[in-house]
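See below for the structure under consideration.
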Amino acid sequence: MSDKRSAVDFKLWSGGFITAYPLDEDREYGYFPEDEADSSGLDTTGHFLSIQKKPVPAPRSEEQLRQEKLFTDNAFLFLANYSRILSDSRMFLAPVYVRNGLAYSGYLQTATLGGYIELWLNCPSSVVFGREDRMSLVWFISGSPMSGANACSVVDEDGNRRTEAISTFYKLWTRFANIAGYYKDAKTKFEAYTLEEVVAILKRETSERDYRWNIRWVYNFTRGSKLQEENDILRARCSDAETRRDDYQKKWYNALFLSRKERTVEFFRSYMRHEEDRKAREDVLKEEKSALKRRLKNNELSNKECQIALRAVQNELSEISRTGEKELEDGIASLFPELLRFGEESWKKFDMPPYRLLMEIEEFVNDLK
C-alpha cells in the first residue's frame with residue numbers, strides 16, 4: 001500500500017472530502033481499459049434505445065456479464081453501507097463496469113461504486129418505487145437525450161432485474177454523467193479495491209441488524225426525496241396549466257369584448273365617469289369626518305352630536321360604495337350574460353370578481369387607442 005503520508009484529500013461530488021492514496025504501481029486494481037469502457041461517439045446501432053428487453057451493447061464478454069451480476073446482486077448491500085463507502089476512498093473508487101449509454105451519443109463514462117451511491121442518494125429519478133412501494137435501483141441507463149424515450153434497467157432487493165422507463169430521464173442521465181465525469185481523473189490516480197474485494201469486506205462486516213436498519217433509513221430518505229420530486233413535477237404542471245388557462249381565458253374575453261366593442265367602450269367610459277364623481281364625493285365626505293373629529297376634540301360638538309353626524313357620513317359612504325358595485329355588476333351582467341353563473345351569490349356569479357373583469361375591460365379599451 002502507498003505511504004499514508006502521501007495521502008491527499010479530494011472533494012466529493014456530493015460535498016465533503018475523502019482521503020485517497022496514490023496508486024501503487026505494483027498492484028493491479030481491476031479497472032477496465034478506458035478506451036473500451038469510456039469511448040464515446042455517434043451511436044447508430046440503436047442498442048441504447050431498445051424498448052424490448054434490456055438494451056445490450058455488443059460485444060459483451062463473460063467477464064462483463066459477471067461484473068454486472070456482481071454489482072446488481074449486491075446493490076442493496078452497497079446502499080446499506082453508503083456511509084462506509086462514502087468515507088473509504090478505496091471502496092468509493094471501486095470500478096463498476098456497466099456500460100451505460102445514450103442514443104446518438106454512445107457510451108457514457110463508467111462510474112465508480114461511490115458514484116452510484118451518490119446517484120441513488122441525490123437523484124430521486126434513480127430510485128423506483130413499484131407495487132406496495134417496493135424500492136428498486138437504476139443500475140443501467142439507456143435512452144434518447146433528445147426525446148426522453150428510454151429503456152433503463154432496475155434491480156430490487158432480491159436481485160431481480162427488469163426494464164423500466166424513467167419519466168424524468170433527462171434528470172437521470174445528466175446527473176449520472178456529471179457524477180461519472182467528476183471522477184474521471186481520480187480513477188486513474190488513486191488506489192481502489194475491486195468490486196469483489198468490496199463485496200467480501202462488506203459481507204464480512206455487515207450484520208443483518210445493521211443492514212436492515214440502514215436500508216430502512218435509506219428507504220425513508222429516498223422515498224421522501226421521490227415524493228418531493230413528484231410534488232415538484234405536479235406543481236410545475238399545475239402552474240403550466242394555470243398559465244395556459246389564463247391565456248385562453250384572456251383570449252376569450254378579448255373576443256367577447258370585441259364582439260360588442262362599441263357597447264363595451266361606452267359602458268367602460270360611463271362607469272369611469274360615475275366613478276370619478278363617486279370618488280370626488282367620497283373625498284368630500286372623508287374631509288367632513290375629519291372636521292367632525294376636530295370639532296369634537298375642540299369641544300365644539302358633544303360626543304352624541306359627533307357620533308350622529310359621523311354615522312350619517314359613514315352611511316352615505318357605504319351607499320356610494322354599494323352604488324358603484326351595483327352599477328358594475330349590473331352593467332357587466334347586462335352586457336355579457338355569458339359570464340353569469342346563475343344560482344350563486346355576490347361576485348361569485350361571475351367567472352371572476354367584477355373588479356377584475358373591469359381591469360380586463362380597461363386593458364381592452366386602452367389597447368383600442
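If you go through region 213-239 and keep only what is under 16 Å from Tyr82 (Cβ atoms) and free of Cβ contacts under 8 Å to residues at least 24 places away in the same chain, you end up with Trp213, Arg216, Trp217, Asn220, Gly224.
Test of understanding: among Thr222, Thr188, Thr194, Thr206, which residue is within 23 Å of the chain's Cα centre (by Cα) and among the β-branched types (Val, Ile, Thr)?
Values: Thr188 fails: within 23 Å of the chain's Cα centre (by Cα); Thr194 fails: within 23 Å of the chain's Cα centre (by Cα); Thr206 fails: within 23 Å of the chain's Cα centre (by Cα).
Result: Thr222 is the single residue among Thr222, Thr188, Thr194, Thr206 that is within 23 Å of the chain's Cα centre (by Cα) and among the β-branched types (Val, Ile, Thr).
Have a look at Glu327, Glu287, Glu282, Glu316 and point out the one that is among the acidic types (Asp, Glu), out of contact with any helix residue (DSSP H, G or I) (no Cβ under 7 Å at 6 or more places or on another chain) and assigned by TED's automatic domain parsing to the domain that holds Met359.
Glu287
In this structure, Tyr355 does satisfy being in contact with a helix residue (DSSP H, G or I) (Cβ under 8 Å, 6 or more places away or on another chain), within 28 Å of Arg245 (Cα to Cα) and not basic (Lys, Arg).
Scanning region 271-327 for residues that are under 25 Å from Val365 (Cα atoms) and among the small types (Gly, Ala, Ser) returns Ala280, Ser321, Gly324.
Filtered by the rule that a residue be touching an Asp or Glu at 6+ places or on another chain (Cβ under 6 Å) and under 23 Å from Arg161 (Cα atoms), region 72-97 gives a lone residue, Phe76.
Rundown of residues vs (1) of a type in the set (S, T, N, Q); (2) in contact with a Gly (Cβ under 9 Å, 6 or more places away or on another chain); (3) at pLDDT 90 or above, yes/no style:
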site: Ser105; (1), (2), (3): yes, yes, no
site: Cys123; (1), (2), (3): no, no, yes
site: Phe129; (1), (2), (3): no, no, yes
site: Asp133; (1), (2), (3): no, no, no
site: Leu137; (1), (2), (3): no, no, yes
site: Ile141; (1), (2), (3): no, yes, yes
site: Met146; (1), (2), (3): no, no, no
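When region 238-271 is limited to residues that are modelled with pLDDT of 85 or more and hydrophobic (A, V, I, L, M, F, W, C), the one that is surrounded by the fewest Cβ atoms within 10 Å (Cβ to Cβ) turns out to be Ala255.
Contact map, region 289-312: first residue on the phi < 0 side of the Ramachandran plot and among the charged types (D, E, K, R), second residue surrounded by fewer than 14 Cβ atoms within 10 Å (Cβ to Cβ) and in a helix (DSSP H, G or I), Cβ cut-off under 8 Å, separation 6 or more or different chains; pairs are Lys289/Gln314. Scanning region 129-156 for residues that are of a type outside the set (Ser, Thr, Tyr) and farther than 20 Å from Tyr97 by Cα returns Phe129, Gly130, Arg131, Glu132, Asp133, Arg134, Met135, Pro145, Met146, Gly148, Ala149, Asn150.
The rows are residues; the columns are (1) within 24 Å of Ile332 (Cα to Cα); (2) assigned to a helix (DSSP H, G or I); (3) among the polar types (S, T, N, Q).
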{"site": "Gln249", "(1), (2), (3)": "yes, yes, yes"}
{"site": "Phe267", "(1), (2), (3)": "yes, yes, no"}
{"site": "Tyr271", "(1), (2), (3)": "yes, yes, no"}
{"site": "Ala291", "(1), (2), (3)": "no, yes, no"}
{"site": "Glu300", "(1), (2), (3)": "no, no, no"}
{"site": "Leu317", "(1), (2), (3)": "yes, yes, no"}
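The values are calculated or read from the model by the stated rules, or taken from the named source; none is laboratory data. On a predicted model such as this, the values are computed, not experimentally measured, just so you know. Backbone-built Cβ (ideal geometry, glycine too); neighbour counts: all protein chains shown.
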